[in-house]
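Let me begin by presenting the structure, written as structure tokens, before commenting on it.
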């Protein structure tokens, strides 16, 4: 190592004297990177200022990368425990080198050069020279940059190890990086980072192909459930959809590419293989060149064997009961992502207008997590600032004036092994945000005046506030937001959903199982804009159930309760439709009316066909009558 360091020092001297590094003093990767930096016009003595993106753009990119980001954050926490040391950081960036998340110890956060290392900074070689994230993004393979191998001296005290993350289609989708000071560098860091990247890739593979047949295989049975196992996704006809990197290595020389068939690779009939996989957990496979494998079909429950049985089969044991209406495709996607994140105990942030069902989605996340503890909800806006910390973390007897006898365990402890739902998180005082941030670092509850203890909690937060604006005004901590929104989802307002019928019937079934709604009643209800969203709809349906106890509720009953629901937009809304925007709106209305006519003047059928809300169809019809 000493010899290598001296060679790099000589390379620096030559670079300063001649303006170009000597090729024989550097590794190929570092030399090529330095040359790219020079060709970009970078001066090692005058580094450009850090390149930042704004909070809104950062959040948008975090949300766009929510799936891979969620998987990465889970691995980052594991890595942080495995290779922690002084001045240490684990980071995740998107394919373009934009730093999305980082976990660091206090010594790294307090370092003088850490100001430029935070979510929102761009780590391409163009802005930061030779560095782990940027160089790995360019090379599309793992790289280590140690000390003064960095092009800019400001990073010479760091060792950076980075590995690329590829999506199942082979496209670069992110970069994982572990950085520490040079003195505490650990030799096994590169292997651990590479393993974490592979774990993320396999997680993406399984998520992308959760609806397909997933086959895991390896030459040795004991490695079947390890990172070195090959993964293959095939459809029900035996066509190969994708294989992971390990599978390509195990099947080297064989045409294991998307579009080929299972029988092109293996000497076993595909239907026989699938049928056997339903009966036995493991079975043998032989490829076309004679290599032997042990294999398993990971998701046989999704493809049950058809049998003549006297009673209907029991539901799959891992099926999560639906607690959230999700006939709208956009909502169905949100529900799937929430279920996946909850199963991995990832913090979830739910955004949406008041009444869109944020708490109901949080309860569904709790059900999907299969956690043994209880669901504990707290409204951050309803607690006095002086009591929030005591309510969340508990207190011992006599800890403060007014503390009840015996003290209190606190909501975090109460939610141990369960789910804590923090509603209206945007209204949490800034002073408590720092305490919550510390809790999220180690999941240790520190009761007021009591002994600390560690808890296992799924944390779900919700807000209808504009957190970007709150961050800009100093009312909310950006670093706390990055910890709360491992997965961030937004629930659309009721007026934008295409499953109004299902929601109305579901709510009425819960309010009064003996009552029902005619299609006419639902059509009349759907005309309203529902500024109070699902909560307002529930209240109206409750009033209807009281006035029409039992039987069917028709449109006349709806009209008698809520009046004539033409509910046209205010003049302020209409006035914007001038010029180009008016033309675009007219074109949209014409498109909707054409589809309405083609659907036999059926509003529900038109909405389903176009994938829009029924309200939009109603507004188009009203506009044509004006």
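Among the helices (runs of 4 or more DSSP H) confined wholly to the range 66-181, which include 3 or more residues that are modelled with pLDDT of 85 or more and within 30 Å of residue 341 (Cα to Cα)?
Because the criterion is at least 3 residues that are modelled with pLDDT of 85 or more and within 30 Å of residue 341 (Cα to Cα), the helices (runs of 4 or more DSSP H) in the range 66-181 that meet it are 66-82, 132-139.
Name the single residue, out of those in the range 275-286 being touching a strand residue (DSSP E or B) at 6+ places or on another chain (Cβ under 7 Å) and part of a helix (DSSP H, G or I), that is surrounded by the most Cβ atoms within 10 Å (Cβ to Cβ). Walk me through how you get there before you give the answer.
Applying the first criterion (touching a strand residue (DSSP E or B) at 6+ places or on another chain (Cβ under 7 Å)) to the range 275-286 yields 276-277, 281-286.
If we keep only those that are part of a helix (DSSP H, G or I) too, we end up with 276-277.
Numbers: 276: 16, 277: 21.
Out of the qualifying residues, it is 277.
Yes or no: the range 498-512 includes at least one residue that is out of contact with any helix residue (DSSP H, G or I) (no Cβ under 6 Å at 6 or more places or on another chain), in a loop (DSSP other than H, G, I, E, B) and over 28 Å from residue 539 (Cβ atoms). If you could, list the steps in order and put the result at the bottom.
Initially, the range 498-512 is screened for residues out of contact with any helix residue (DSSP H, G or I) (no Cβ under 6 Å at 6 or more places or on another chain), giving 499, 502-503, 505-506, 509-510.
Within this subset, residues satisfying the condition of being in a loop (DSSP other than H, G, I, E, B) are 499.
Keeping just the survivors that are over 28 Å from residue 539 (Cβ atoms) gives none.
Scanning the range 498-512, I find no residue that is out of contact with any helix residue (DSSP H, G or I) (no Cβ under 6 Å at 6 or more places or on another chain), in a loop (DSSP other than H, G, I, E, B) and over 28 Å from residue 539 (Cβ atoms), so the answer is no.
Does residue 205 meet the test of being part of a helix (DSSP H, G or I), in contact with a strand residue (DSSP E or B) (Cβ under 8 Å, 6 or more places away or on another chain) and buried (at least 18 other Cβ atoms within 10 Å of the Cβ)?
Yes; evaluated as a whole, the condition is true for this residue.
For the condition under 13 Å from residue 457 (Cα atoms), at pLDDT 80 or above and outside any helix (DSSP H, G or I), what is the one hit in 392, 349, 422? Outline the logic, then answer.
Details: 392 fails: outside any helix (DSSP H, G or I); 349 fails: under 13 Å from residue 457 (Cα atoms).
Matching residue, one of 392, 349, 422: 422.
What tally of residues in the range 165-181 results from selecting those that are under 18 Å from residue 29 (Cβ atoms) and surrounded by fewer than 21 Cβ atoms within 10 Å (Cβ to Cβ)? Break it down into steps so the answer makes sense when it comes.
Start the filter on the range 165-181 by keeping residues that are under 18 Å from residue 29 (Cβ atoms), which leaves 172, 175-179.
Right, trim to surrounded by fewer than 21 Cβ atoms within 10 Å (Cβ to Cβ) and you get 172.
The total comes to 1.
Could you list, in sequence order, all residues of the range 287-299 that are without any contact (Cβ under 8 Å) to a residue 60 or more places away in the chain and either surrounded by 13 or more Cβ atoms within 10 Å (Cβ to Cβ) or under 20 Å from residue 225 (Cβ atoms) (or both)? Steps first, please.
To start, the set of residues in the range 287-299 that are without any contact (Cβ under 8 Å) to a residue 60 or more places away in the chain comprises 287-290.
Listed by number, the residues that qualify are 287, 288.
Can we say residue 244 is outside the structural domain of residue 333 (by TED's automatic domain parsing) and crowded, with 18+ Cβ neighbours inside 10 Å?
Numbers: outside the structural domain of residue 333 (by TED's automatic domain parsing): yes; crowded, with 18+ Cβ neighbours inside 10 Å: yes.
Yes, satisfied.
State which residue is farthest from residue 356 (Cα to Cα) when the search covers only the range 425-461 and only residues that are assigned to a strand (DSSP E or B) and in contact (Cβ under 8 Å) with a residue 60 or more places away in the chain.
Step one: filter the range 425-461 for residues assigned to a strand (DSSP E or B), giving 444-445, 448, 453-454, 458-461.
Filter again for in contact (Cβ under 8 Å) with a residue 60 or more places away in the chain, leaving 458-461.
Working: 458: 21, 459: 19, 460: 16, 461: 14 Å.
Selected residue: 458.
Quick check on the range 373-389: of everything there that is at pLDDT 90 or above and not in a strand (DSSP E or B), which residue is surrounded by the fewest Cβ atoms within 10 Å (Cβ to Cβ)?
374
State which residue is farthest from the chain's Cα centre (by Cα) when the search covers only the range 478-495 and only residues that are buried (at least 19 other Cβ atoms within 10 Å of the Cβ) and part of a loop (DSSP other than H, G, I, E, B).
So the residue we want is 493.
For residue 472, are the conditions met, namely being more than 29 Å from the chain's Cα centre (by Cα) and on the phi < 0 side of the Ramachandran plot?
Working: more than 29 Å from the chain's Cα centre (by Cα): no; on the phi < 0 side of the Ramachandran plot: yes.
Judged against the criteria, residue 472 is not a match.
What do you reckon, is residue 357 assigned by TED's automatic domain parsing to the domain that holds residue 456, closer than 25 Å to residue 539 by Cβ and either modelled with pLDDT of 70 or more or in contact with a strand residue (DSSP E or B) (Cβ under 8 Å, 6 or more places away or on another chain) (or both)?
Values: assigned by TED's automatic domain parsing to the domain that holds residue 456: yes; closer than 25 Å to residue 539 by Cβ: yes; either modelled with pLDDT of 70 or more or in contact with a strand residue (DSSP E or B) (Cβ under 8 Å, 6 or more places away or on another chain) (or both): yes.
The answer is yes for residue 357.
Those residues that are in a loop (DSSP other than H, G, I, E, B) and out of contact with any strand residue (DSSP E or B) (no Cβ under 6 Å at 6 or more places or on another chain), I need them from the range 220-234; list them, please. Write out each step before concluding.
At the first step, the residues of the range 220-234 found to be in a loop (DSSP other than H, G, I, E, B) are 220, 224-229.
Matches in the range 220-234: 220, 225, 226, 227, 228.
For the range 555-563, state whether one or more residues are under 19 Å from residue 350 (Cβ atoms) and either assigned to a loop (DSSP other than H, G, I, E, B) or more than 34 Å from the chain's Cα centre (by Cα) (or both). If you could, list the steps in order and put the result at the bottom.
So the first thing to find is which residues in the range 555-563 are under 19 Å from residue 350 (Cβ atoms), and the list is none.
Checked the range 555-563: no residue is under 19 Å from residue 350 (Cβ atoms) and either assigned to a loop (DSSP other than H, G, I, E, B) or more than 34 Å from the chain's Cα centre (by Cα) (or both).
The values are calculated or read from the model by the stated rules, or taken from the named source; none is laboratory data. Fair warning: this is a prediction, and the values are worked out from it, not measured in the lab. Reconstructed Cβ throughout: ideal geometry from the backbone, glycine too, with neighbour counts over all protein chains shown.
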